[in-house]
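Worksheet: one structure, shown below.
A short reminder: the numbers here are calculations on the coordinates, not readings from a lab. All values derive from a computational prediction rather than experimental measurement. No Cβ is skipped: glycine too gets one built from the backbone with ideal geometry, and neighbour counts run over all protein chains shown.
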Amino acid sequence: MNSRFPSHLLLLAAFAACAADYPHQILTRGLGYFPVAIGLKNGDVLAVVRGGAAHIGVKGRLDLIRSADHGKTWSAPWTAVDEEFDDRNPAMGQLRDGTVVLAYAIASGYDETGNRFKGGRNDRIFDGVYLVFSKDNGRTWSKPVRDANIHNFYAGKGAVSPYGKIIQLPDGTVLMAVYFEFFDARGNQSYLFRSKDGGRTWTEPVLLGEHYNETGIARLRDGRLLAALRSEKGGHLAVTESADQGRTWSNPVQVTRDSEHPADLIQLRDGRVLMVFGERNAPRGVHAMISPDGRKWDNSKSIVLADDAPNGDCGYPSSVEAAKGRVVTLYYQVDDSKNTPASASARAILWKP
């Protein structure tokens, strides 16, 4: 464990709730990996999930589900993206003009079964970050377009993925976290890209952290940007912030134990900052932390939202404050690791922070 890890966090097991008190809903069966949930301007909650395959599979696609009653009930899933290869790893957000932006990666290089990549990890082909747009709250989508700048940034030599919520600044600039697994000594690196044309093109990459990957971002009402990064080794979470619209960032500070990742960040209407994250230490599931300002995080007071996952194939939570003081948190869980994706499901928890 990192020698700088706060000693009080070692008391997590003693102080965290022993069992989750929040009932969950099962929203999908046989799909639902890696949800990203956003609140729409019309009050709906829209979430994108992975369907068609388990973690690895050429038939991977991106499906959507919607709630029109603050997370109480959900629609049946419908498909947003399903092209020839593996459409995966979504990020999503809604702009002020109502446009929903959905970004994702495409992976290929599968063998004849479609369930395994050929060769080693460095032989996998990640064909950049693609974007589609919806003007009708996710019902229909534009044709996919690959962003040339992101693709040129890593020249196709490595893995690439957007992650989490796409956000917009008051001046109209759109921000998206993108991480890379370079096939050289650089390893994992997390970057922030920005768009000045509504998400059509992405430029000005800024390094968020070396040897980090999946990164959740949020804009706070005092103007700061906050990011929670998953570490390449150990899989803990570290937080960094920016006071200049994402141009520069503070040094990441570790806030969770190893195997507690990845994170989603939102600011609640009362001003507090909510972080939800996957818990892959037994008992497994989903935890939450609440900070008064995005700087002070106390994992010894984490809230256990779910603790009934039978294995580590779980988590990736994403939250929306769907009504004042009421949060809906989506996550996924696999009940039988030998029977995927059939035993996978997307789940939702309604709770009050």
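Cross-link candidates for K324: which aspartates and glutamates have Cα within less than 12 Å, leaving aside residues fewer than 8 places away along the same chain?
Here the aspartates and glutamates satisfying the reach criterion relative to K324 are D270.
By the scheme Lys and Arg +1, Asp and Glu -1, what is the net charge of all other residues having a beta-carbon under 14 Å from that of R61?
Values: positive: R50, K59, R88; negative: D63, D82, E83, E84, D86, D87.
For residues surrounding R61, the net value is -3.
For a footprinting-style exposure proxy, rank L274, L64 by other Cβ within 10 Å, fewest first.
Result, fewest neighbours first: L274, L64.
If you bin every alpha carbon distance in the stretch 250-295 into 10 Å steps from zero, what whole percent lands in each bin?
The distribution over the stretch 250-295 is 26, 50, 23, 1, given as percents.
Grab the eigenvalues of the alpha-carbon gyration tensor for the stretch 200-252, scale each by 5, take roots, and send me the semi-axes largest first in whole angstrom. Let's see the in-between values first.
Numbers: eigenvalues 73, 40, 19 Å².
They are 19, 14, 10 Å, listed from largest to smallest.
In a shell of Cβ-Cβ distance under 11 Å around G187, excluding G187 itself, what net charge do Lys and Arg (+1) and Asp and Glu (-1) give?
On the way: positive: R186, K233; negative: E181, D184, E210, E232.
For residues surrounding G187, the net value is -2.
Measure of size requested: the Rg and Dmax of the stretch 241-353, with Cα atoms as the atom set and Å as the unit; please supply both.
Using the Cα atoms of the stretch 241-353, the pair Rg, Dmax is 15.0, 47 Å.
Which whole-number percent is the relative contact order of the chain (Cα, under 8 Å, 6+ apart)?
On the way: 1009 pairs, mean separation 60.0, N = 353.
With pairs under 8 Å counted, the relative contact order is 17 percent.
Would you list the P(r) distribution for the stretch 59-127, with all Cα-Cα distances sorted into 10 Å bins from 0 and each bin expressed as a whole %?
All Cα pairs considered, the percentages come to 17, 38, 27, 15, 3.
Please list, or write none, the lysines whose alpha carbon is within less than 24 Å of the alpha carbon of K338, excluding same-chain residues fewer than 8 places away.
K59, K118
Summing +1 for each Lys or Arg and -1 for each Asp or Glu, what net charge is found among the other residues whose Cβ lies under 9 Å from the Cβ of Y104?
Local net charge: 0.
Using a ≥ b ≥ c from the Cα gyration tensor of the stretch 135-271 (square roots of the eigenvalues), is it rounded, prolate or oblate, where a/c under 1.5 gives rounded and otherwise the larger of a/b and b/c decides, a/b for prolate?
Details: a/c = 1.59, a/b = 1.08, b/c = 1.47.
Verdict is oblate for the stretch 135-271.
Which length gain, in nm to one decimal place, applies between D136 and D82 when the Cα-Cα distance is subtracted from 0.36 nm times their residue separation? All intermediate terms of the calculation are to be shown ahead of the outcome.
Numbers: separation 54, 0.36 × 54 = 19.44 nm, distance 1.89 nm.
Gain on stretching D136 to D82: 17.6 nm.
Taking θ = phi - 60°, what integer Hz values does the Karplus form 6.51 cos²θ - 1.76 cosθ + 1.60 yield along the stretch 304-312, in sequence order, with x for Gly and Pro?
Per-residue couplings from phi come out as 8, 8, 8, 9, 10, 6, x, 8, x Hz.
Where does the chain land on Rg/Rh, using Cα atoms and the Kirkwood Rh?
The Rg/Rh ratio comes out at 0.93.
If one computes the Cα centroid of the stretch 226-241 and of the stretch 245-265, what distance in Å separates the two points?
3
At each listed q (0.15, 0.34 Å⁻¹), what is the log10 of I(q)/I(0) that the Debye formula gives for the stretch 145-185 modelled as equal alpha-carbon point scatterers?
Each listed q maps to, in turn, -0.45, -1.16.
Place a label point 7 angstrom from the Cα of I26 along the Cα-to-Cβ direction, then list the residues of the stretch 329-353 whose backbone nitrogen is under 18 Å away.
Within reach of a label on I26: 330-350.
Pull out the extension gain between H55 and L268, defined as 0.36 nm times the separation in residues minus the alpha carbon to alpha carbon distance; nm, one decimal. Walk me through the numbers on the way to the answer.
On the way: separation 213, 0.36 × 213 = 76.68 nm, distance 3.14 nm.
Result for the pair: 73.5 nm of gain on full extension.
Roughly how many Å is it from the Cα centre of the stretch 55-105 to that of the stretch 274-353, as a whole number?
19
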